[in-house]
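One structure is given below, encoded as structure tokens.
Taken together, the values in this text are just the output of simple stated rules run on the coordinates, not laboratory data. Every value quoted in this text rests on a predicted model; they were computed, and no experiment measured them. Cβ atoms come from the backbone with ideal geometry, glycine included; neighbour counts cover every protein chain shown.
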Amino acid sequence: MAARYNAETKTFILETAHSSYMMKVSRYGNLLHMYYGSRIPDEDLDYLLTFSDRGFSPNPYEAGNDRTFSLDFLPQEFSGSRSGDYRSPSLELVWGEGGSAFGGKVAGYEIRKGACRIDGMPGLWAEPQEQAETLTICLADPVSKVEAELSYTVFAEKDVIARSVKLVNRGKDVVRLEKLMSATIDFRDSDYDLIYFSGRHTMEREFRRIAAADGVHAIGSSRGASSHQYNPFAIVCEKDCGEDRGQCWGISLVYSGGFLIEAERDQYKQLRLNAGLNPSGFSFLVEPGGDFQAPQAVLAWSDQGFTGLSHIYHRIFRENLCRSPFRKKMRPVLLNSWEAAYFDFDDEKILAIAREAADLGVELFVLDDGWFGKRDDDVSGLGDWTVNQEKLKIGISELSRQIHEMGMQFGIWVEPEMVSEDSDLYRKHPDWCLREPGRPPVRGRYQLALDLSRRDVCEYLIEAMNSLLESAHIEYVKWDMNRSLAEAWSALLGTGRQGEVLHRYVLGLYYVMDQVILKHPDVLFCGCCGGGGRFDPAMLYYQPQIWCSDNTDAVNRLKIQYGTSFAYPVSSMEAHVSVCPNHITGRTVPFGTRGIVAMDGIFGYELDPLKMTEEEKDACRKQIQFYKKYYKVIVDGDYYRLASPYENPYFTAWQQVSQDKKKSLVSIVITDREGNDAQRFVRLKGLLEDGYYRIEGLKGKYSGKLLMSAGIPVPGSLGEYEGIQLVLKMA
């Protein structure tokens with residue numbers, strides 16, 4: 001069994017193919033965290049607990065005169081507020097006459113087959129044939145009558161444990177929830193590094209590695225979305241952990257709103273890792289008999305370094321997260337109209353661009369922003385999801401029909417969650433926005449956010465989006481969100497419930513997506529939030545691919561896609577070839593290099609083919625053919641980071657290896673050149689040691705052992721920003 005309870009040692013044991021996770025019920029009923037790491041036998045781990053009388057570390061009343069038992073230093077699975085543990089808690093609440101303590105003790109448990117269902121939110125799911133098991137442990141506070149149900153779904157074969165918490169109010173008083181972490185992990189020591197992924201709009205998910213230090217280091221978002229600034233994913237690793245060796249632990253939050261991940265090194269040099277909802281500005285009233293569900297956190301451990309950890313996350317997110325049938329289908333090569341036309345187009349211009357795209361071998365044409373309402377710029381029109389007849393005289397349905405006649409599929413851009421003040425929707429329903437009464441609103445990109453905590457707003461969006469999808473032959477939708485949320489005030493919630501707005505907004509978004517995206521399994525949806533501002537597992541539940549960044553500069557994308565790859569598979573990253581000089585950075589990069597970098601994801605174009613040279617058009621056709629030929633290797637293969645853009649100033653390299661290890665694609669991009677330059681080499685990974693491979697364009701065949709040990713020379717003929725792709729096939 002993947003989950004079981006040893007009654008003799010009072011230990012809960014979770015086992016995956018390579019890891020063990022153990023918890024123990026203390027002599028006073030507390031749930032203690034004992035171990036998470038390499039798989040070990042079912043032995044009593046009681047000897048790992050040390051007890052001593054520590055000054056100013058209080059003791060629970062039930063310990064009597066035993067001053068050696070304190071929750072202030074014992075490793076806990078779920079830390080209650082005001083319990084004598086002064087570290088950052090898993091839970092903060094207020095109940096009754098202002099009481100805020102929670103002393104949850106183990107009151108029961110259940111083990112069942114299958115995955116835990118997360119109410120109202122996305123989560124990992126299990127195929128019927130998978131051996132997933134879920135352990136639920138109830139921690140009950142006898143005074144407040146509040147219970148915390150801790151759920152652990154074990155995907156044994158895939159080395160993943162998915163955690164979540166449901167708070168249940170079994171008392172007679174309303175409980176005000178102020179903080180709830182989805183997962184807490186206590187490490188007995190703290191000689192670790194913390195890795196997280198930060199950035200900003202157009203430079204998302206940059207790799208950051210710092211040493212764990214005294215105090216609390218926190219990352220998170222209070223922007224209403226998971227954000228460009230921090231991704232809801234972090235790694236704790238040993239000091240010497242690298243790509244291929246060393247222990248590392250990952251935690252990924254399946255949530256699209258405000259989140260918090262905090263790492264605290266305490267006074268005794270122990271490390272606590274918390275992940276869950278951001279408590280800043282958050283409060284939620286739980287009525288008697290009611291409950292509150294926290295998002296799911298996906299845990300993984302590896303002793304094979306970051307590569308091993310990434311492979312675990314890539315596999316589980318590809319196979320057990322996304323609900324779209326497209327997760328297993330070959331995605332079409334697209335051309336998006338945004339950088340080709342922006343708002344300046346009519347149907348004739350769009351059809352001319354589409355005809356040229358079809359001639360290049362593009363399979364899907366996407367009409368971006370500007371097709372609806374009064375939308376000649378980004379100041380007006382959002383919310384009015386009807387065709388702008390001045391621009392598209394033939395309408396969306398006829399435009400789609402003509403594009404299909406060219407041999408391409410048709411896609412469209414939407415931004416359902418937002419509204420312009422200059423729109424019919426806003427003039428009719430100004431109260432549908434998130435804004436505080438009597439105060440001018442905070443704008444972002446000249447737009448306001450609709451209040452998705454309201455069911456009537458959600459139903460309007462469901463009707464508008466479904467009507468649009470039924471009005472024409474649409475096979476792709478780019479779902480965008482182009483601002484952060486600022487005001488969290490809803491006209492329908494009372495004074496005491498405004499702290500619920502941002503979380504209810506996210507729940508409303510999931511409800512809308514349930515009724516639109518999941519009801520159209522034949523439509524490929526792509527997520528977007530000004531690029532990668534909502535690149536999180538919860539969005540991947542609905543949308544198999546997300547626009548990685550608004551920044552299409554190939555050199556910047558090396559860093560963006562490098563950081564993204566630590567948790568997210570190639571199949572999730574949409575990447576395009578765009579024009580040069582680049583519209584974001586002004587940099588000029590060879591057309592071939594732009595293609596190589598964009599093939600590190602779901603491949604497409606964002607440019608005006610009418611302005612391309614014949615040489616570029618020929619290169620475009622070859623890129624599309626190459627990508628389609630090696631699609632299975634690129635998208636479904638195992639991913640290896642060979643040279644980091646942060647550590648190697650001269651080149652960045654990565655590799656995909658087919659599941660059967662018979663084919664591989666190596667990509668190298670030169671990022672700097674020096675006069676009379678040194679010869680550099682790159683060692684390959686993931687090949688069969690005793691297999692022999694041929695490298696296209698080179699003579700001879702070479703063993704996998706040799707290629708992984710001695711490597712291959714980086715071609716000295718490549719200039720700055722030039723790149724190369726090497727195809728390996730087993731001889």
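Relative to the current alpha-carbon distance between residue 343 and residue 109, full extension at 0.36 nm per residue lengthens the span by 78.5 nm. Centre-to-centre, using Cα atoms only, region 171-205 and region 600-654 are separated by 35 Å. I need the shape label for region 3-320. Rule: rounded when a/c is under 1.5, else prolate if a/b > b/c, else oblate, with a, b, c from the alpha carbon gyration tensor. Judged from the Cα gyration tensor, region 3-320 comes out rounded (a/c under 1.5). Applying 0.36 nm per residue to the separation of residue 621 and residue 662 and subtracting their alpha-carbon distance, the gain on full extension is 12.2 nm. For the chain, the mean residue ellipticity at 222 nm estimated from helices alone is -5500 deg cm²/dmol, where every DSSP H run of n ≥ 4 contributes -39500 (n - 2.57) and the total is divided by all residues, rounded to the nearest 500. Sorting the segments 29-35, 623-629, 416-422 by their mean number of nearby beta carbons within 10 angstrom, highest to lowest, gives 416-422, 29-35, 623-629. Legend: calculated FRET efficiency, residue 267 to residue 459, from the Cβ-Cβ distance at R0 = 56 Å, rounded to 0.05, equals 0.60. Geometric descriptor of the chain, per residue, is 166 Å³ (volume of the convex hull of the Cα atoms).
Remark: C-alpha extents of region 640-730 on the principal axes read 38, 27, 19 Å, sorted largest to smallest. Counting only cysteine Cβ atoms and a cutoff under 4.7 Å, the chain contains unmatched residues 116, 138, 322, 433, 458, 526, 528, 529, 548, 580, 620.
Take the Cβ atoms of residue 18 and residue 240, set R0 to 22 Å, and the FRET efficiency comes out at 0.65.
Overall, the chain carries a charge dipole of about 1180 debye about its Cα centre when +1 sits on the Cβ of Lys and Arg and -1 on the Cβ of Asp and Glu, all other atoms neutral.
Too long at a 20 Å Cα-Cα cut-off: which of 519/628; 329/628; 617/663? Too far apart for the 20 Å limit: 519/628; 617/663.
Packing, as the average of other Cβ atoms within 10 Å across residues, places the peptides 385-393, 556-564, 101-109 in the order 556-564, 101-109, 385-393, highest first. With 0.36 nm allotted per residue and the present C-alpha distance subtracted, the residue 688-residue 200 stretch has 171.7 nm of extension available. With contacts taken as Cα pairs under 8 Å and at least 6 residues apart, region 640-730 reaches a relative contact order of 32 percent. Quick one: go through region 369-391 and flag any residue whose amide nitrogen is under 20 Å from the point 7 Å out along the Cα-to-Cβ line of residue 491. Only 381-385 pass the distance filter. Here the calculated FRET efficiency for residue 86 and residue 628, from their Cβ-Cβ distance with R0 = 60 Å, stands at 0.55, rounded to the nearest 0.05. Peptides 179-192, 279-292, 531-544 ranked from most to least packed give 531-544, 179-192, 279-292, packing being the mean of other C-beta atoms within 10 angstrom over each peptide's residues.
Phi-derived couplings, Karplus 6.51 cos²θ - 1.76 cosθ + 1.60 at θ = phi - 60°, listed residue by residue for region 208-214: 10, 10, 9, 7, 5, 10, 4 Hz, with x used for Gly and Pro. With the Cα gyration tensor of region 168-274 giving a ≥ b ≥ c as the square roots of its eigenvalues, does the rule (a/c under 1.5 for rounded; else a/b larger than b/c for prolate; else oblate) give rounded, prolate or oblate? Cα axes put region 168-274 in the oblate bin.
Placing unit charges on the Cβ atoms of the charged side chains and taking the dipole of region 441-563 about its Cα centre, the candidate lying farthest along the positive direction among 442, 530, 543 is 442.
Residue-wise HN-Hα couplings along region 173-187, as the Karplus relation 6.51 cos²θ - 1.76 cosθ + 1.60 with θ = phi - 60° gives them from phi, are 9, 5, 10, 9, 7, 10, 7, 8, 8, 6, 8, 10, 10, 9, 9 Hz; Gly and Pro carry x. A simple rule links phi to the HN-Hα coupling: the Karplus curve 6.51 cos²θ - 1.76 cosθ + 1.60 with θ = phi - 60°, which for region 493-498 gives 9, x, 4, x, 10, 5 Hz, with x for Gly and Pro. Restricting the GluC sites (Glu not before Pro) of region 44-127 to loop positions (DSSP other than H, G, I, E, B) with no more than 16 neighbouring Cβ atoms within 10 Å leaves 97.
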